[in-house]
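Reading through the structure tokens given below for one structure.
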Amino acid sequence: MGASEDQISALPDELLHAILVELRCARAAARTSLLSRRWRHVWAHLPEIILDDHDTTRRPLPGAVDAALAAFSTTAAPLELLHIHIRFLLHGSRRWVQASRAAPWLRFASEHVVGELRLFVPLPDVDGKEEELELPACPRAKTIILSLPGSWRLRPQLPGLFVALTSLQIGYVRMEASELTDLVSKHCPVLRDLFVVRNTRRLEVIAPRLEKLFVYRPTHEARISCPKLAELVWNGGAYNPSHHKFEDVGRHLQLLEIEQSSGAASLMRQFVEVDKLKLHISIPRGTRGYKRLLNETNQLPKCRTLYISLLWHNHGISPAMLHLLRSCNSTRKVSVNLIDSRGRLLAHYSCPLSCPCRSVQSARIDDIALSVLEEVELDNFTSSNDELEFLEKLSRCNATLLKKLVINSAYFPTTPLTKAICEKVHSMWRPNVNVEFYVFLGGRRVRFD
């Protein structure tokens, strides 16, 4: 090896690529071309291009994207990842991208991406006018994630196949319902995961291989035919059985995640058994809000794991949690994320005496049979009286197989966890129940003894 040649430059291209990929930034990788002639074109053969404008000291990202893709176009190397993220704000002024500027980026992706395409680009909203952005066929891409807030209208170039595409996420961009249906149902033959976020008034999915469906802010109408559907997430809006049709969908899911909202009961009745049921519950104030909770969750599907995210400040923890446990007695694990927003309220709300949460029935535990429950986990524990009351009631429920209780303190608890609190909780439970406490120190979860 010559005296003037450094040892790193003597490494084979494959190792240099591995080093540059760890930079996680195409612009930083490109700057290594200044080191020597040996490094001049190494970066243009990377398997990943990541362009993100979080570094606002550099030149505007759209120009950097054009330059990077132009340099890479001189090679025939396939891309495992193309990530372009242009953020809304730069030094207090808005940064937008015209559709005519973004279109060549998608054409580049269609030719080079064999792995994952991620495009996060804002478009200006000028007098409600829409700009059309064509999505060319990407025959080798396996994952496509498009988040395009603003006045975009995405137009797939059909006919055109996405023969390798297994995961598609389209968010905050408008599409014609018929074009979205054709794209998903006819041009993505191996699609398994579909994430749709607020982009059309009508959604029709006929996908024989689709396994995961995420719908945020559901469309006015939907027709779903996915015989292999295993995971369903339905958030941000109501389910209406008259307008949202599930056809040729199995009755057993691995995951069902929904918000407690209008129509939640009807959606849960679509399925007999769920391996993991995740409920996000925020109970409005007043008698009507609590009655709606009772109606929407009166009968939960059979599930092995029940995860509940509970915003509980309006009605307390015990009434809602006991009702949910009463409605689902087949679960082996219950995980509860407790969210108390009272600190952000001007005054603590107190339910009227007529609210069902104050009834004798809401406090009963003798009709709760948790015969197969083995583990309970509580997150965001703040040592409040409401939480301690719930733990005391839970300890007296019929749960003879319960072996483990895990309590995770909140990141910033209003009342820090103390040994006295731990001892009080320990005293509630049978000796054969393993009670564990955890706190967060320096961002790490550690055991509290």
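The values are calculated or read from the model by the stated rules, or taken from the named source; none is laboratory data. This structure is a prediction, so every number in the text was calculated from the model and none was measured. When we count neighbours, we look across all protein chains shown, and the Cβ atoms used for this are built from the backbone with ideal geometry, even at glycine. Side chains are part of the model used for accessible areas, which takes the heavy atoms of the whole protein and leaves out ligands, DNA and RNA. Shrake-Rupley method; radii C 1.70, N 1.55, O 1.52, S 1.80 Å.
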Any residue in segment 247-260 that's under 14 Å from LYS228 (Cβ atoms): show its pairings with residues that are among the β-branched types (Val, Ile, Thr) and crowded, with 18+ Cβ neighbours inside 10 Å at Cβ separation under 6 Å, as long as the two are six or more apart or on different chains. LEU253/VAL274
Looking at PHE381, PHE412, can you tell me which residue is aromatic (Phe, Trp, Tyr) and touching an Asp or Glu at 6+ places or on another chain (Cβ under 9 Å)? PHE381
Residue pairs meeting the criteria (Cβ under 9 Å; at least 6 apart or on separate chains; first under 16 Å from PRO352 (Cβ atoms) and modelled with pLDDT under 85, in segment 283-297; second assigned to a helix (DSSP H, G or I) and open to solvent by 30 Å² or more (accessible area, probe 1.4 Å)): ILE283/ARG292; PRO284/ARG292
I want to confirm something. Restricting to segment 237-275 and keeping residues that are touching a helix residue (DSSP H, G or I) at 6+ places or on another chain (Cβ under 9 Å) and surrounded by fewer than 15 Cβ atoms within 10 Å (Cβ to Cβ), which single residue is modelled with the highest pLDDT? PRO241
I'm trying to understand the selection: among the residues of segment 107-149, which are of a type in the set (Asp, Glu), modelled with pLDDT under 85 and assigned to a strand (DSSP E or B)? GLU131
Among strands (runs of 3 or more DSSP E) completely within segment 364-449, the ones holding 3 or more residues that are closer than 23 Å to HIS280 by Cβ, open to solvent by less than 50 Å² (accessible area, probe 1.4 Å) and free of Cβ contacts under 8 Å to residues at least 40 places away in the same chain are 404-409
Answer yes or no as to whether PRO208 is more than 19 Å from ARG118 (Cα to Cα) and in contact with a Cys (Cβ under 8 Å, 6 or more places away or on another chain). yes
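Rundown of residues vs (1) under 19 Å from HIS244 (Cα atoms); (2) open to solvent by less than 30 Å² (accessible area, probe 1.4 Å); (3) modelled with pLDDT under 95; (4) part of a strand (DSSP E or B), yes/no style:
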position: ASP182; (1), (2), (3), (4): yes, no, yes, no
position: PRO189; (1), (2), (3), (4): no, no, yes, no
position: ASN199; (1), (2), (3), (4): yes, yes, yes, no
position: VAL205; (1), (2), (3), (4): yes, yes, yes, yes
Of (1) within 25 Å of ILE281 (Cα to Cα); (2) in contact (Cβ under 8 Å) with a residue 24 or more places away in the chain; (3) open to solvent by less than 20 Å² (accessible area, probe 1.4 Å), VAL215 satisfies every one except (2)
Restricting segment 285-315 to residues that are farther than 18 Å from LYS333 by Cα and in contact with a Phe, Trp or Tyr (Cβ under 8 Å, 6 or more places away or on another chain), the one surrounded by the most Cβ atoms within 10 Å (Cβ to Cβ) turns out to be HIS315
